[in-house]
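Since the structure comes first, as structure tokens, the remarks are kept for the end.
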Amino acid sequence: MVVKAVRGFSDILPEEIPTWRKVEEEARRVLEAFGFREIRIPVLERTELFARSIGGETDIVQKEMYSFLDRGGDSVTLRPEATASIARAYIEHRLYSRDPEARLYFIGPMFRYERPQKGRLRQFHQINAEVFGVSHPMVDAEVMALLVLLLSRCGLTEHELQINSLGCPRCREGFRETLKAFLEERTRRLCQDCLRRKERNPLRVFDCKVKGCQEVMEEAPLLEDHLCDECKDHFLHVRSYLEELKVPYSVNPRMVRGLDYYTKTAFEVVAKGLGAQKAVAAGGRYDNLIAELGGPEVPGIGFAIGVERLLLVIPSLPPPPPPLLFIATLGDEAERIAFRWCYELKASGITAAMDHRRRSLKSQLRRADKLEIPYVAIIGEEEISSGKVILRDMRQGSQQNVPLDTFVQEIRERLGPSVHEAL
Ligand code: HAM
């Protein structure tokens, strides 16, 4: 029986790679211009890290983590997101002592045991950017502006930045009670999960996908009406700085996000054409996370782009180009010469290919044609004795002779980097 990939874990095939690379390169370019430095974090963390940061009542921690006991008996988890890991690394390596305003980014796979569907995988990739050490609302606006800029540079055209304020523990505490009382009167309309959420973390009910619960939440009291003065003021400033940078946005007062560490600003970028999984990127401020994980009182804010989702809504780049030159051979001696030429050309950066299956000249040429290789050289006994090799330009339909003795050198000159780039 053929072994297949695990459900929800996808291969990324060669023809998809150019678009992946473009997105990753664009991310590196933009993030580095905005002062972010790359960090690489491990795939596996102690389970405790996520339970403490994302929140025990979230769907991620309750039902989506790939957690297991390692051979030493420790509970470990394949990271479901990167912010907690980056925060852990920031604390562990005391990065705050190097630069009080650290800007870090990370690109890599995340793992969540969700039901796979379009735009939702069990292994997916994120581009993460995090700013530590600044509570000024200008940074909130800058981070969102940079996210929108990056998404546009990747080719995303129809998108909307939605923002909200989730307040601080102080304003949330009062609101929790108000919301709980509201839900208490509507228990018959809530799903089993929300009945539990109502007790432990009523804000999570806003995030429920069950229709009945969503209908209840349409009428629910909103956090924006319960923000403390500081949070209200912060939100007003974030909005005015977004306007300063001319970044269009809308306020979504029911957005709560699926992770509990957020304070004040929370945001999502939703894209047309994504169906149910419409958030291509999301993030927010997390001013208490570092302290809650045992670090100093350092505020933070960041976002993550879902790369697979972004790729669904941006134009794809063409597949990687075929080799530049194919050397078709007839006979043992010609094969040996072509073997050496191919090696020398590839070593100097010219992609060359030949056939190693001893097939007829006709089928070798058919393969070169199928792969759309632009130049084909043919070498057989006749060429060896005449000292001339035929080089065919398949696009022009023309051909010319190249001396056998200086073949590699001539090809380097004729088909060197400039030809390659022009193709
Ligand atoms: P998140 O909303 O859980 O936030 O994920 C961010 C993005 O990752 C989503 O908007 C989506 O594009 C993508 N994503 C999430 N789950 C899946 C999935 N199963 N399949 C495909 N794509 C998915 C976070 O992860 C936070 N750590 C973001 C953040 C960074 N907040 C502050 N800093």
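The values are calculated or read from the model by the stated rules, or taken from the named source; none is laboratory data. Note that the structure is a prediction, hence the values are computed from the model and not measured. Heads up, the Cβs are rebuilt from the backbone with ideal geometry, glycines too, and the neighbour counts pull from every protein chain shown. Protein only, heavy atoms only, side chains kept; ligands, DNA and RNA dropped before computing areas. Shrake-Rupley method; radii C 1.70, N 1.55, O 1.52, S 1.80 Å.
Each Cα pair under 8 Å and six or more residues apart adds its separation to the average, and for the range 325-413 the resulting relative contact order is 31 percent. Could you work out the local net charge near Asp355, counting Lys and Arg as +1, Asp and Glu as -1, over the other residues with Cβ closer than 11 Å to its Cβ? In short, +4. Do any GluC sites (Glu not before Pro) in the range 360-423 lie in a loop, going by DSSP, with at most 12 other beta-carbon atoms within 10 Å of their beta carbon, and if so which? Passing sites in the range 360-423 are Glu372. Would you be so kind as to identify which of Phe34, Gln192, Leu324 lies farthest towards the positive end of the dipole of the chain, taking Lys and Arg as +1 and Asp and Glu as -1 on Cβ and the Cα centre as origin? It is Gln192.
With respect to the chain, whose longest principal axis is taken over its alpha-carbon atoms, helix 169-184 is tilted by about 80°.
Counting only protein heavy atoms and a probe of 1.4 Å, the accessible surface of the chain is 50% carbon and sulfur. When restricted to Cα atoms, the range 1-154 yields an Rg and a Dmax of 17.2, 58 Å, respectively.
Computed over neighbours whose Cβ is under 9 Å from that of Ala279, the net charge equals +1, Lys and Arg +1, Asp and Glu -1.
At q = 0.12, 0.20 Å⁻¹ the log10 of I(q)/I(0) for the range 196-290 amounts to -0.46, -1.26, computed by Debye summation with a single uniform scatterer per C-alpha, solvent ignored.
The lysines within cross-link reach of Lys180, meaning a Cα-to-Cα straight distance under 18 Å and a gap of 8 or more places when in the same chain, are Lys198. Distance from the Cα centroid of the range 35-53 to that of the range 295-317 is 15 Å (rounded to whole angstrom).
Taking Ser53, Ser386, Ser135 in turn, the Gaussian network model of the chain (Cα-Cα springs below 10 Å) assigns the largest fluctuation to Ser386.
Ranked by the mean number of other Cβ atoms within 10 Å per residue, highest first, peptides 66-74, 145-153 order as 145-153, 66-74. Pairs of alpha carbons in the chain separated by more than 38 Å make up 39% of all such pairs.
Under Stokes-Einstein, with the Kirkwood radius over Cα pairs as Rh, the value for the range 133-281 at 10 °C and 1.306 mPa s is 97 µm²/s.
The packing ranking of peptides 361-368, 241-248, highest mean first, is 361-368, 241-248, where packing means the average number of other beta carbon atoms within 10 angstrom of each residue. When you filter the trypsin sites (Lys or Arg not before Pro) in the range 15-59 for DSSP loop state and at most 13 other Cβ atoms inside 10 Å of their Cβ, you are left with Arg40.
For the range 13-63, the Cα-based Rg and Dmax, in that order, read 16.4, 40 Å. With a sphere of radius 14 Å drawn around the Cβ of Arg29, what net charge do the other residues whose Cβ falls strictly inside it have (Lys, Arg +1; Asp, Glu -1)? Counting the neighbours of Arg29, the net charge comes to 0.
Any idea what angle helix 332-347 forms with the longest principal axis of the chain, computed on alpha-carbon atoms, 0 to 90 degrees, nearest 10? Rounded to the nearest ten degrees, it is 40. Expressed as a whole number of Å, what is the distance separating the alpha-carbon centroids of the range 188-227 and the range 255-284? Measuring centre to centre over Cα atoms gives 17 Å. Rolling a 1.4 Å probe across the protein heavy atoms gives the range 360-408 an accessible surface of 61 Å² per residue.
Each Cα pair of the range 77-137 feeds into the Kirkwood radius, which the Stokes-Einstein equation turns, at 37 °C and 0.692 mPa s, into a diffusion coefficient of 250 µm²/s.
Directionally averaged projected area (the range 325-413, Cα convex hull): 5.3 nm². Placing +1 on each Lys and Arg Cβ and -1 on each Asp and Glu Cβ, with no other charges, gives the chain a dipole about its Cα centre of roughly 1220 debye.
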